[in-house]
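One structure is given below, encoded as structure tokens.
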Amino acid sequence: MSPTQAPTRVDEIVDGIHRLSTTISYEDGLVFQFNQFLIDDERPALIHTGMHQMYDSVRAAVGEVLDPGKLSYVVLLHFEADECGGMDRFLEGAPDSALACSDLSVALNLSGWNYQGRVEGHQDGDVIDLGKRKLRFLETPHVHHWDSMMLFEETTKSLFPSDLFIQPGDQPPTVTESLGSEMCGFYREVGIFAHEEPVRQVVDRIEVLDPDWVHGMHGGSLRRDVLPDYLRALREEPFSYQGKLLGREVL
Ligand SMILES: [Fe+2]
Ligand SMILES: [Fe+2]
């Protein structure tokens, strides 16, 4: 039996920021969500695209909010299929759009393949002006790839942390549960972080940013009142690679 993909669900989480969420059920019993975030503004942005095979469903979900041909930016926060598997088709369908990612993603992953699309690389502190909203890039190396970035949207104080703050399962659009320990347990099983230290440095930065919202790629969005539990867990509990990859013991 192959994985089952539910229809993509669209929810406006906070003024103009829409969560497009697709839940996939795997053969081993894992239920996992893949989210993209669509910012409806003068220059609309799609943050993450989902995997290649999710494209039609994600495009239709974008179409519930705005014309996908009007996208200005497709943003990827590190080079991995769930971040950017649909990037070429989203760019093809939106003639005035550009791919926005880290300088490192451009150097490592986009310049040595046959990628021909429009792309702009960014570094820490760069800002994309969408009109009403502004997206500031944070370089967050080794959380969990060396080209990893996050975004901070200034007007809604929204952090887009990609794979940090994961909650597995079929989560509601906004999660109000304290699932910090479960998050760390999941990270130990899947083995996506080599070490705690680079993540804990970013946790310090996040506390200074003091976000009102955290919109992760997997799970529900978190409001500021539940965030302390997740930050505490990342500070106090082990979550780095402990010899397991996607639940499998590696010898
Ligand atoms: Fe990732
Ligand atoms: Fe991811």
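All of the numbers you see were taken from the coordinates with simple rules; none came from a lab. Model, not experiment: these values are computed from the prediction. Positions of Cβ are backbone-derived with ideal geometry, glycine not excepted, and every protein chain shown enters the neighbour counts.
Listing for the model above:
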| item | result |
| --- | --- |
| Label-to-label distance, nm, for residues given as residue 116 and residue 207 (7 Å Cα→Cβ offset) | 5.0 nm |
| Pairs of alpha carbons in the range 104-176 whose separation is greater than 18 Å (percent) | 53 percent |
| Extension gain from residue 2 to residue 194, taking 0.36 nm per residue of separation minus the Cα-Cα distance | 66.2 nm |
| Calculated FRET value between residue 42 and residue 236, using beta carbons and R₀ = 51 Å, to 0.05 | 0.75 |
| Cα pair distances of the range 1-121 binned at 10 Å [whole percent] | 14, 46, 30, 10, 0 |
| Gaussian network model of the chain, springs between alpha carbon atoms under 10 Å - residue of 150, 217, 183 with greatest fluctuation | 183 |
| Amide H contacts of residue 174 (H built 1.01 Å from N, under 5 Å, at least 5 apart or other chain) | 221 |
| Integer Hz, Karplus 6.51/-1.76/1.60 couplings in order for the range 217-231, x for Gly and Pro | 6, 10, x, x, 6, 10, 8, 4, 5, 9, 4, x, 5, 5, 5 |
| The chain - mean residue ellipticity at 222 nm from DSSP helices (-39,500 (n - 2.57) per run, n ≥ 4, rounded to 500) | -6000 deg cm²/dmol |
| Relative contact order for the chain, counting Cα pairs under 8 Å that sit 6 or more residues apart, in percent | 15 percent |
| Mean separation of Cα contacts under 8 Å (6+ apart) over length of the range 130-251, as relative contact order % | 31 percent |
| Neighbour-count order for 213, 113, 146, fewest beta carbons within 10 angstrom listed first | 113, 146, 213 |
| Extent along principal axes [Cα atoms of the range 1-59; Å; largest to smallest] | 43, 21, 14 |
| Long-range HN-HN contacts of residue 13 with modeled amide H, under 5 Å | 18, 19 |
| In sequence order, calculated HN-Hα J values of the range 185-192 (Karplus, 6.51, -1.76, 1.60; Hz; x Gly/Pro) | x, 5, 4, 5, 5, 8, x, 8 |
| Label zone at residue 65 (point 7 Å along Cα-to-Cβ), backbone N below 14 Å, the range 187-217 | 215-217 |
| Nitroxide proxy distance, nm - points 7 Å out along Cα→Cβ at residue 129 and residue 142 | 3.6 nm |
| ³J(HN,Hα), Karplus 6.51/-1.76/1.60, whole Hz, each residue of the range 47-62, x for Gly, Pro | 9, 6, 10, x, 6, 3, 6, 8, 3, 4, 5, 5, 4, 4, 5, 4 |
| Residue 75 long-range amide H proximity, modeled H, under 5 Å | 46, 47, 48, 100 |
| Choice from 97, 111, 221 with maximal GNM fluctuation in the chain (Cα, 10 Å cutoff) | 111 |
| For the chain: rounded, prolate or oblate by the Cα gyration tensor [a/c cutoff 1.5] | rounded |
| Cα Rg, Dmax, the range 132-251, angstrom units | 13.9, 51 |
